[in-house]
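The values are calculated or read from the model by the stated rules, or taken from the named source; none is laboratory data. Just so we're clear, the structure is a prediction, and the values are computed from it rather than from any experiment. Quick reminder, even Gly has a Cβ in these numbers, built from the backbone with ideal geometry, and neighbours come from all protein chains shown. Just the protein is used for accessible areas: all its heavy atoms, side chains included, with ligands, DNA and RNA removed. Shrake-Rupley method; radii C 1.70, N 1.55, O 1.52, S 1.80 Å.
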Amino acid sequence: MAGENITEPRGATKWLLRANASFVYIFFYIPILVLIVFSFSDNRNVGVWGGFTLDWYRDFAESDNTREALWNSVQIGLVATVISVVLGTASALALERFKFRGRAVFDALLYLPIIIPDVTMAVMMLLFFSEAAELFGFSKGFATITLSHIAFSISFVSVVVRARLGGMNDRLEEAAMDLYATRWQAFRYVTLPLIMPGILGGGLLALTLSLDDVVITQFVTGPGWTTLPVYVFGLIRKGVTPLINAVSVVMLVASTILVVLSLIAQRIRGGDTV
Amino acid sequence: MGGPSVTAAVELSGVTKRFGDVVAVDNIDLAIADGEFFAMLGPSGCGKTTTLRMIAGLEFPTEGSLQIFGDEMGTLPPNRRPVNTVFQNYALFPHMSVRENVSFGLRMQGMSKSETASRTSTLIELVQLGGMEKRKPDQLSGGQQQRVALARALVNEPKVLLLDEPLGALDLKLRQEMQDELKTLQRELGVSFVFVTHDQEEALTMSDRIAVMHEGRLLQVGSAEEIYERPSNRFVADFIGQTNLIDGTVADRDTIVLANGSKVAATTGHVAGTSVAMSLRPEAMHIGRPEDIPATHATSSLTGTVTEVNYLGVALVYRIAVDWIELEVRAPTVSEVDRLKPGETASVWWARETAQVVAD
């Protein structure tokens, strides 16, 4: 009796479901495991174990190319994140709080970058910047990559912040204003602390997306502005060495940390004020 | 009544509120005295909460004037009005402790730290939440949350306290306790409480005066007794307490012709030909056999057949079918042999002044 539940699968169904789950996890994680293992292999050919070494990680740390690519990625990621957080939060507030003409259209358009394929977005961006380059005469590089990253990150930030805002009681801001807070104070001391986990989560998500993006970046990048994922992609064409494994592991760890932080941030309650 | 020499705490004149095509509040005139416990009562959607929100400044009237202690409020925002609100479901700030919640208003007004601390402590003691200052709202029971909401509003020493269904979320026992506490608190502070509720019993027991609202209109304002005993129209009679509404037409000043053609005596107050309803409270009627009707009450009686008798301990509730209607009569318990049984012929009669004639 105890612990039994009418909806819980039993017998063969239960075992099949378990086997399925195990298979899915194996399918997901074996490649990652292989990737990690061979990043420590002392053999130029990926897939041939040549004994343990940290040389590939040292190569990664010492190579000017990878260091420059990493630094490019970090600069672009940080700037794109800050700007998309501000714009994404503002759009979330506008969509959640105000009724205005064309709201539904704006709403749908805002989420377009989430669903349209990266390549489509990349081509759009490339064409746009080519036109813009002729009109305003700016060249491809930091600005174009950062603008593209902002363009797709806003949507993600907006979704996450809106989820948080949607769960917030509208009466709270009214209560603050009833208690002598100005509109700004009500936002600053009540709304902002309550949606802060959403903003942080959205920001970390934006940073992850920016650090990981290959397709769009490759289309809009310019001389001297190779980001780390684009650099890795270029290396593959020259032949795969465990250096790629090492770089991939570093990126994997960094992304995982950011995503976990983002999830934690979305779970915690708002921080204290004043 | 003489002209009021004292300024009303809250005065609404010709206040209308429209949301698009919907008229939420329809041309209301209302004056709430200083120090009064005033209830706004009505079913949901009657405009009572909108009226309260207009006083708070959370909505602005579409038309009309709203004054607080003689000052025209116009479109003054809520943070510049001398009133505070206890919100429905409290709207406590979930990320702040009890102490931070209570002191919020004082901090927003820029009061000094020491003054804020002492006033906050006083209020926390007043609502008996000492020792819970550091807790967050979700660590409090419903009753405690409601006290925090009260303290958070009262710490600002508002000239009028607005309460929107403050007891709605509490269970019955706690509700009754809080009703007493609110009443006591109001008497001690001497501040006007404007209280919105859909619970007529709550309104009747707590308030000095009650405003009954329906579909955006103010139907009647008066003391609990006035509203219960002299309802101004059919809705009020039906909404407040239990009653039997018997349709009829005014024949002359003292006679109503009921739907079955029988004539009963009542002070009609309406011109002949008006369709009215006669409101008879279940406890205001006497019951007996046809031969028991006193001669003096011959024209204020009806005869029918008992359909149901329910025993409630102190009282017996009879249901009596009279031609086209069924009456509910509540009478003191009598021994079983003396009770009328279902199927028997029964008559009811009433003192003429207890029958209230109301128009639609």
Nearby lysines by direct alpha-carbon distance to B:LYS263 (threshold 25 angstrom, same-chain neighbours under 8 apart not counted): none
Counting C-alpha atoms alone, how compact is region B:100-240: give Rg to one decimal and Dmax as a whole number, in angstrom. 17.4, 56
Between the residues A:TYR180, B:ILE32, B:MET73, the Cα farthest towards the positive end of the dipole of the protein assembly as shown, that dipole coming from +1 and -1 charges on the beta-carbon of Lys, Arg, Asp and Glu, is from A:TYR180
Note, ³J(HN,Hα) from phi for region A:53-61, Karplus 6.51, -1.76, 1.60, rounded to Hz, x at Gly and Pro: 8, 10, 4, 5, 5, 5, 4, 4, 5
Long-range Cα-Cα pairs in region A:57-267 (distance over 30 Å), rounded percent: 32
Using amide H atoms built in the peptide plane, which far-off residues or other-chain residues are under 5 Å from B:THR62 H to H? B:THR16, B:LYS17, B:ARG18
Given a 1.4 Å probe and the protein chains all in place, what does the accessible area of A:PHE152 round to, in Å² to the nearest 10? 20
Residues with amide H under 5 Å of B:LEU316's amide H, sequence separation 5 or more or different chain, H placed in the peptide plane at 1.01 Å from N; which? B:ALA331, B:THR333
If I ignore ligands, DNA and RNA and count only protein heavy atoms, how much of A:TYR29 is accessible to a 1.4 Å probe, in Å² to the nearest 10? 120
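Placing unit charges on C-beta atoms (Lys and Arg positive, Asp and Glu negative, everything else neutral), compute the dipole magnitude of the protein assembly as shown about its Cα centre in debye, rounded to 20.
Values: 53 positive and 67 negative charges, 439 e Å.
In total the dipole reaches around 2100 debye.
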Please list 3J(HN,Hα) in residue order for region B:181-197, calculated via the Karplus relation 6.51 cos²θ - 1.76 cosθ + 1.60 where θ = phi - 60°; whole Hz, with x for glycine and proline. 5, 4, 4, 5, 4, 5, 5, 5, 7, x, 8, 5, 10, 10, 10, 9, 8
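Which whole-number percent gives the relative contact order of chain A, counting Cα pairs below 8 Å spaced six or more residues apart? Could the numbers behind the result be given before it?
Values: 307 pairs, mean separation 79.5, N = 274.
Worked out over chain A, it gives 29 percent.
For region B:164-258, which trypsin sites (Lys or Arg not before Pro) pass both filters: DSSP loop (anything but H, G, I, E, B) and at most 16 other C-beta atoms within 10 Å?
Working: sites: B:LYS173, B:ARG175, B:LYS183, B:ARG187, B:ARG209, B:ARG217, B:ARG234, B:ARG253; in loops: B:ARG253.
Here the trypsin sites (Lys or Arg not before Pro) that fit, given the DSSP loop and packing criteria, are B:ARG253.
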Interface buried area B-A, accessible surface with 1.4 Å probe, both sides summed, nearest 100 Å², comes to 2300
When the Kirkwood hydrodynamic radius is evaluated over all pairs of different C-alpha atoms of the protein assembly as shown, what value in angstrom, to one decimal, is obtained? 31.3
I need the P(r) histogram for chain B: all alpha carbon pairs, bin width 20 Å from 0 out to the longest distance, whole percents. 26, 45, 25, 4
Please list the non-local residues whose amide H lies under 5 Å from the amide H of B:VAL276, H modeled 1.01 Å from N, same-chain partners needing a gap of 5 or more. B:GLY248, B:THR249, B:VAL250
Partner aspartates and glutamates for B:LYS341 [C-alpha distance under 13 Å; skip if fewer than 8 residues away on the same chain]: B:GLU308
What lysines could a cross-link reach from B:LYS159, if we take a straight Cα to Cα line under 25 Å and drop same-chain neighbours fewer than 8 places away? B:LYS17, B:LYS48, B:LYS113, B:LYS183
Could you tell me which residue out of B:ILE287, A:TYR25, A:VAL159 lies farthest along the dipole of the protein assembly as shown toward its positive end? Charges go on the beta carbon: Lys and Arg +1, Asp and Glu -1, centred on the Cα centre. A:TYR25
Tell me the relative contact order for region B:170-255 as a rounded percent, counting alpha carbon contacts under 8 Å between residues six or more apart. 16
Given q = 0.27, 0.29 Å⁻¹, what are the Debye log10 I(q)/I(0) values for region A:1-51, with equal point scatterers placed on the Cα positions and solvent ignored? -0.95, -1.00
Under the Karplus relation 6.51 cos²θ - 1.76 cosθ + 1.60, θ = phi - 60°, what is the ordered set of whole-Hz ³J(HN,Hα) values for region A:82-91, x standing for Gly and Pro? 4, 5, 6, 5, 5, 5, x, 5, 4, 5
